[in-house]
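Just below is one structure, and these are the notes that go with it.
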Amino acid sequence: MKRWRKCANAGFFGQRRDRFTEYQPQRTLEEKFDLVAQVHQIQGIELKYPTDFKNPGVARDLLAKHQLTLAAVNVDIKDANHFRNGALSARDARARERAVGLIKESMDLAAELGIDLVTTCPLADGYDYPFQVDYRAAWANFIASVDTAAAYRTDVRLCLEYQPHEPHARIMLDTVGKALFVCSEVARPNLGINLDVGHSLAAHETPAEAAALLAAKGRLFYIHTNDNTGDGGDWDMMSGAVHFWHWLELLYTLDRLGYDGWFGADVSPKHMGPADAYKTNSLLLDRMGDWLEAIGADRIGELLRTGADPAAVYECLTGFMVSKPSRGGEE
């Protein structure tokens, strides 16, 4: 069973708040790095552009000081001051140009820092009400903007992250199907998808199926590990805390697909410090990997190939746990 390199999204180590309260205080970039470095299972860090790169030299020095690899540059194109009515899809050409410009700048920065992965979640591109958006024009703008951004540097991969809700009632790029549609329309090899597992669950998808679809088209570039209740909200809970079996299936599937990218993490530390939240998230991922190793991937694969019924599948998935029948079982 493959064990993937893990990285942390530095944004979750800073201020965290919602409409009701504040969960974590504002922290400097140095303080964020200090906290990430406490999580020994983490080898890399994902930094946000432009916030974390006000002084690129500071970011470079902190990476070296803490011996962390820059896994990805995460581009923020949801600033309401500029993107209240959309970013990549906006009617206003100036907003589109600014969004594409930020992506281009982040691609240059990524290349300068020796990595080839830029990711962005286009949350400003959405709507709340019927008749709010001209869908045909908005999608044409979106595709054209993504194409322009991806074409800028073929040596840097551009990764789009889909999400069904928040901050709008509906986000344009909300499902794996629409993500693949964009990749097909743009048709550039350096354009791919960041599969955020919690977003996939919020979209009522099966994450393992979404991963298989993306991998089939060579578009699975990056993964954000987390979990949620699947009710449409983006709760950024620890991986496997709710959808344990879905997570086992995803890990098994990624191993069989040969996924070799980073395991990023978007985990919101509401009830504990961020270092503890990310340590636990890493622990859960490792323990689920241990579980699959104890079962044996070949055994699971044989069941899938032969079309075994759910009873046989779950006997396989849980049979290694006991050496004798449970109290409720037959002798």
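Restricting attention to segment 137-156 and to residues that are surrounded by 20 or more Cβ atoms within 10 Å (Cβ to Cβ) and of a type in the set (Val, Ile, Thr), the residue that is farthest from Asp174 (Cα to Cα) turns out to be Val156. Scanning segment 81-136 for residues that are part of a helix (DSSP H, G or I), of a type in the set (Gly, Ala, Ser), surrounded by fewer than 17 Cβ atoms within 10 Å (Cβ to Cβ) and within 25 Å of the chain's Cα centre (by Cα) yields Gly101, Ala111.
Looking at Asp76, Asp34, which is the one that is in contact with a strand residue (DSSP E or B) (Cβ under 6 Å, 6 or more places away or on another chain) and surrounded by 16 or more Cβ atoms within 10 Å (Cβ to Cβ)? Spell out the reasoning first.
On the way: Asp34 fails: in contact with a strand residue (DSSP E or B) (Cβ under 6 Å, 6 or more places away or on another chain).
Result: Asp76 is the single residue among Asp76, Asp34 that is in contact with a strand residue (DSSP E or B) (Cβ under 6 Å, 6 or more places away or on another chain) and surrounded by 16 or more Cβ atoms within 10 Å (Cβ to Cβ).
Specify which of the listed residues (Asp286, Asp255, Asp236) is in contact (Cβ under 8 Å) with a residue 24 or more places away in the chain, touching a Ser or Thr at 6+ places or on another chain (Cβ under 6 Å) and assigned by TED's automatic domain parsing to the domain that holds Gln163. Walk me through it before giving the result.
On the way: Asp286 fails: touching a Ser or Thr at 6+ places or on another chain (Cβ under 6 Å); Asp255 fails: touching a Ser or Thr at 6+ places or on another chain (Cβ under 6 Å).
Exactly one residue qualifies, and that residue is Asp236.
Ala210 meets each of the listed conditions (1) in contact with a Pro (Cβ under 9 Å, 6 or more places away or on another chain); (2) at pLDDT 95 or above apart from (1). Scanning segment 199-222 for residues that are in contact with a Leu (Cβ under 7 Å, 6 or more places away or on another chain) and either part of a helix (DSSP H, G or I) or of a type in the set (A, V, I, L, M) (or both) returns Pro207, Ala208, Ala210, Ala211, Ala212, Leu213, Leu214, Ala215, Leu220.
Pairs linking a residue in segment 181-196 that is small (Gly, Ala, Ser) to a residue that is part of a loop (DSSP other than H, G, I, E, B), with Cβ atoms under 8 Å and 6 or more positions apart or on different chains, are Ser184/Lys217; Gly192/Gly218; Gly192/Arg219.
Looking across segment 133-157, the residues that are among the basic types (Lys, Arg) and touching a residue at least 24 places away in the same chain (Cβ under 8 Å) come down to Arg153, Arg157.
The values are calculated or read from the model by the stated rules, or taken from the named source; none is laboratory data. Note that the structure is a prediction, hence the values are computed from the model and not measured. Every residue, glycine as well, gets a Cβ built from its backbone with ideal geometry; the counts of neighbours run over all protein chains shown.
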